[in-house]
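What follows is one structure encoded as structure tokens, with my remarks underneath.
The values are calculated or read from the model by the stated rules, or taken from the named source; none is laboratory data. Not measured: the values here are computed from a predicted model. Neighbour counts run over all protein chains shown; Cβ positions are idealised from the backbone, glycine included.
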Amino acid sequence: MKTYKPGEYWEQRLSQDFDLSGVGHKGLSLDYNIQLYNRRLEVLKSRLSQAKIDISQSRVLEIGCGNGFYTQFFTQHQVREYVGIDITSVSIDNLQQQFPDHRFVCADISELDVSHLEGKFDIVFAADVMFHIVDDEKFKAVIRNVACVLRSGGLLIISDILPQETTQTALHVRLRSKSEYSRLFQENGLTIRYIEPIFVIAHPSPTYGHHLLWNVITIFWKSLLRVKFKRWLIVDSMICRLLLWLDRKFLCPKYGQKTPNSKYIFAYKQ
């Protein structure tokens with residue numbers, strides 16, 4: 001029986017593809033993944049702007065810095081300090097060369113003693129990371145450590161799916177419900193302030209939902225991935241553009257809060 005070993009799994013993936021296909025969806029083309037990450041950034045910037053959150057001069061800790069997509073974002077916004085943590089040496093080695101002014105640490109955040117960093121950071125950021133922590137005790141440890149290193153009033157930004165019920169959809173994917181997040185946040189002095197939808201249909205739905213629409217979307221994506229449409233570049237590009245347009249204009253504003261797909265969660269430390 002296969003077991004999920006996060007360090008080995010991600011070391012192999014990023015060693016093979018140190019780009020957005022390495023950290024993104026393996027069933028999609030590199031170009032499609034790039035467009036999805038641009039959408040993630042678009043939504044992040046929009047919410048930060050709407051909430052009047054100025055991240056410049058902030059001390060930022062990123063958990064799971066991967067190939068450095070968000071490292072570049074924080075660098076462009078001239079944050080005062082940036083620390084990136086990842087469980088893979090390939091990530092840390094590459095990013096330390098690309099961003100010599102930042103600090104990178106190869107470690108499992110759930111196993112770190114962070115008592116000496118209590119209240120150090122203004123922002124902790126973890127994009128598409130938390131659902132890869134499938135062990136519940138490690139997940140709880142990460143939340144505790146995040147709460148410890150955030151200053152009072154500090155901001156936690158994560159992206160996750162938030163299905164109605166916690167479920168495991170793959171060996172390396174465990175999706176926690178909003179109620180589970182809320183409970184763990186409350187236990188650690190964190191309060192959810194905003195939930196901002198990123199995708200409804202443009203990204204493959206990772207799980208069936210409690211609504212006919214979500215189940216139709218899931219079946220739609222399973223069929224698309226089965227035919228490996230990324231082989232046909234024109235089709236790939238057309239599908240990507242159409243689905244992102246639908247998400248921006250119609251689906252995210254109307255259905256985004258309830259759909260079992262990616263959302264940003266903004267939580268503050270009390």
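General remarks:
- Unmet criterion (only one of (1) surrounded by fewer than 19 Cβ atoms within 10 Å (Cβ to Cβ); (2) in a helix (DSSP H, G or I)) for Cys240: (1)
- Reported count of residues in region 112-125, each being over 20 Å from the mean Cα position of the chain (by Cα) and either in a strand (DSSP E or B) or touching a residue at least 24 places away in the same chain (Cβ under 8 Å) (or both), is 7.
- Taking (1) under 18 Å from the mean Cα position of the chain (by Cα); (2) assigned to a helix (DSSP H, G or I); (3) more than 24 Å from Ser205 (Cβ to Cβ) in turn, Leu36 satisfies each apart from (3).
- With respect to the conditions (1) within 19 Å of Ile133 (Cα to Cα); (2) in a helix (DSSP H, G or I), Glu165 falls short on a single one, namely (2).
- Filter result (more than 14 Å from Ile198 (Cα to Cα), out of contact with any Phe, Trp or Tyr (no Cβ under 9 Å at 6 or more places or on another chain) and surrounded by fewer than 17 Cβ atoms within 10 Å (Cβ to Cβ)) within region 28-66: Leu30, Asp31, Ser49, Lys52, Asp54, Ser56, Gln57
- Scanning region 89-107 for residues that are out of contact with any strand residue (DSSP E or B) (no Cβ under 7 Å at 6 or more places or on another chain) and hydroxyl-bearing (Ser, Thr, Tyr) yields a total of 1.
- Subset tally (residues that are assigned to a helix (DSSP H, G or I) and among the polar types (S, T, N, Q)) for region 204-222: 2
- Filter result for Ile195 (among the β-branched types (Val, Ile, Thr), touching a residue at least 24 places away in the same chain (Cβ under 8 Å) and within 21 Å of Arg47 (Cα to Cα)): yes
- Some residue of region 166-186 being more than 30 Å from Gln57 (Cα to Cα), touching a residue at least 60 places away in the same chain (Cβ under 8 Å) and surrounded by fewer than 19 Cβ atoms within 10 Å (Cβ to Cβ): yes
- Residue within region 124-134 that is farther than 24 Å from Phe73 by Cβ and either at pLDDT 95 or above or surrounded by 14 or more Cβ atoms within 10 Å (Cβ to Cβ) (or both) present: yes
- Candidate set: region 184-203, residues that are part of a strand (DSSP E or B) and of a type in the set (A, V, I, L, M); chosen: the one farthest from the chain's Cα centre (by Cα): Leu190
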